[in-house]
1. On the protein heavy atoms, probe 1.4 angstrom, tell me the percent of accessible surface of segment B:72-230 carried by carbon and sulfur.
2. For the modelled label position 7 Å from the Cα of residue A:177 along Cα-to-Cβ, which residues of segment A:136-150 have backbone nitrogen atoms closer than 15 Å?
3. Among C:51, C:21, C:81, pick out the residue whose Cα is farthest towards the positive end of the charge dipole of chain C, where Lys and Arg carry +1 and Asp and Glu carry -1 on C-beta, about the Cα centre.
4. Carbon and sulfur together cover what percent of the accessible area of chain A at a 1.4 Å probe radius?
5. What is the average number of partner chain Cβ atoms found within 10 Å of a Cβ in B:230-242?
6. Cut-off under 24 Å on the C-alpha distance; same-chain residues fewer than 8 positions from residue C:47 excluded. Which lysines are left, in chain and number order?
7. Chains B and C: how much accessible area gets covered up at their contact, both sides added, probe 1.4 Å, in Å² to the nearest hundred?
8. Place a point 7 Å from Cα of residue C:119 in the direction of its Cβ. Which residues in segment C:127-160 have their backbone N less than 19 Å from it?
Amino acid sequence: MNAYNFAYLDEQTKRMIRRALLKGLAIPGYQVPFASREMPMPYGWGTGGVQVSAAVLTPEDTFKVIDQGADDTTNAVSIRTFFQRTAGVATTTVTHDATVIQTRHRIPEEALGEGQILVYQVPIPEPLRFLEPRESETRKMHSLEEYGLMHVKLYEDISRHGHIATSYAYPVKVEGRYVMDPSPIPKFDNPKLGDMAAIQLFGAGREQRIYALPPYTQVVSLDFEDHPFEATKADHPCGMCGAQDSYLDELIIDDAGGRMFVCSDTDYCEARQAAGHKGKDAA
Amino acid sequence: MTPLLSVQGMTKRYGAHIGCADVSFDLYPGEVMGIVGESGSGKSTLLNCMAGHLRPDAGQVVFDTRTDGPRDTVTMSEPERRMLGRTDWAFVHQHARDGLRMGVSAGGNVGERLMAVGERHYGDIRDKATDWLGRVEIDAARIDDRPTTFSGGMQQRLQIARNLVTGPRLVFMDEPTGGLDVSVQARLLDLLRGLVRDMGLSAIIVTHDLAVVRLLADRLMVMKNGRVVEAGLTDQVLDDPQHAYSQLLVSSVLQV
Amino acid sequence: MIELTNVSKTFTLHNQGSAVIEVINDVSFAVAAGECVALTGASGAGKSTLMRMIYGNYLTQAGQIRIGDIDLVQAEPRQVIAVRREVLGYVSQFLRVVPRVPTLDVVAEPLRTLGVSAEMSQARAKALLGQLNIPERLWSLSPTTFSGGEQQRVNIARGFAHAYPAMLLDEPTASLDAKNREVVLSLIEEAKARGAAIIGIFHDEAARDRVCDREIDVSRFTPKVAA
């Protein structure tokens, strides 16, 4: 424990990241460049999220990590263990007990409250990147609010699939100003981004960008008048807890095409089962 | 009558080398002007300065805007200039790939400018894209195909549709028929003539092809070493050139 | 309607030792509405050159050429174009068109640029092409592939599509058979009757005598060139 500074990063680095975070919170949705550090894990494993978590963690915090909603995947376990060892903070899998939650690809089902911080791992922070490869040009487009291109992407979706087929990393507009990539969360989670009581921080390690949504920020998913945004999910109840309104993972359970749908948010599902809810596939 | 575009003292230097020097002219609504000259004569530099792609060292480009009347586009703010570039101005590049998004369908390419000015109804955008593909003689069935699957002539026509969909008043064209087969060129020229006439467009066309300006342009400017050596009515400049260089240029064309 | 005052022209050949050739010297004459004037003179006397100057196709160095109330020598290009669109028609000896454009559209174009509807323009074009005996099966084809006589008739149809108040005709009856020559001459007579001022070049003396009210010998204005 004494071999590391609290929460792994040195204080100067944390200070630099906190400044970027404050700027991000002051300009919701704006991508703030920061000097991303080498972390003891490969890019793509959440280096951006880990640096943000390290910069905001205090010894009194309770830390939770989810990966696609689950607390028990390799990535979640290793990041949780990393901060247990380098910060000595308490950890939990219970959403409402956590003060800092680092996430990859999900927002917890349970509504977050004031005093909580949600830290997203972001692979590609630039929502315009796939259509405009030049960074100089995308920066200019953001600064001049030229967002027609974003709708071209959605147009292409409809022309090809008959509906907006983008199902994750669905672009949003923040406070009527910046178009933002919400990280690869399912679009089912998009409505939770807006008006959230918790602070939302986004870290992209490889791309060296930080952005943020302060509490109760207006976040609108882009759409067309005749093809409005829809938060979709698999049309099934959870097989384990019977929940009708949660985001589901599809599991293949045998070689005969058998499958079941279960909540991707493991904590939510377990809490419901503990409270006596039972799905059709529960043992 | 107020000129649609009034260019005054346009000058651009590249270090000691002159890009274009002290070019002035007025373009009136509905006029098509050709700029000819050999490679390096400064015609493309001039075009890019006027269209706001290059910053001139001196001079004004006064455009008669819809809302505020004549404004110098060189000194207006970049957002305003870029807005002009999406609405009242259009730019047709020599190479379609510079003016198209090759990874986006034909319909998306045409629709982009509509979406950029705030259209948010998919059905309407698609209807307008379909209409414009028809006007540039592209089969509506190709609306969802990417331009990479199009021939050179089709790509160029798609670029024109993409540019004209928002009803611009001024079109800049840089060698619009360059690199196309002669038969494809003829079709494109005919199309451009019809569009210019029916939409009442003003256009500035840079080319080294005198046949193109004879068919499309009302007026002609001949450039050499960054300066305008002769200007006038297109057929007068071509049939009775006054300046030594214009005479050389006209007499150098192979007759067929 | 058409009025030339002290008009002169020189060609300067910069690429041939800057030779200066005087071609027209101090021409003055006027053509009234409803009048047809023939330009005469030997080949090379400058008839076509003078006609091209009146059309604004050749630059005039000195003098005035007034069409209605516009002096084409001083006019801006857009004014010249407006005069050509509305007032001054020109039937040249050669047809110059965009390849692949159908004959019907070639003939209708002068009316289209005046803002006449496509239907009315085409109706007029069809009437003229019919009158000039261009077979209907050719109307949808480009005239670039036509014979010389057919091209000439398409050119005439195009030139007469709009009822110009002033017209320039360069050899309108050349290479036409008797039947079509008659059609063209009656077109000219109709134009005169409605009050068009016409300047023409006719090698066909019989035609000239029939439609022209007077002749102007251009060689009078051509300086003797020292060879």
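1. About 47 percent, which is the carbon plus sulfur part of the accessible surface.
2. A:142-146
3. Sorting the options by dipole projection puts first C:81.
4. 51
5. 5
6. Leaving aside lysines fewer than 8 places away in the same chain, those within reach of residue C:47 are C:9, C:192, C:224.
7. Approximately 2200 Å², summed over both chains.
8. C:127-128
The values are calculated or read from the model by the stated rules, or taken from the named source; none is laboratory data. Keep in mind that what you see is a predicted model, and the values were worked out from it rather than measured. Here Cβ is always computed from backbone atoms with ideal geometry, including for glycine, and neighbour counts include all displayed protein chains. Surface areas here come from the heavy atoms of the whole protein model, side chains and all, with no ligands, DNA or RNA. Shrake-Rupley method; radii C 1.70, N 1.55, O 1.52, S 1.80 Å.
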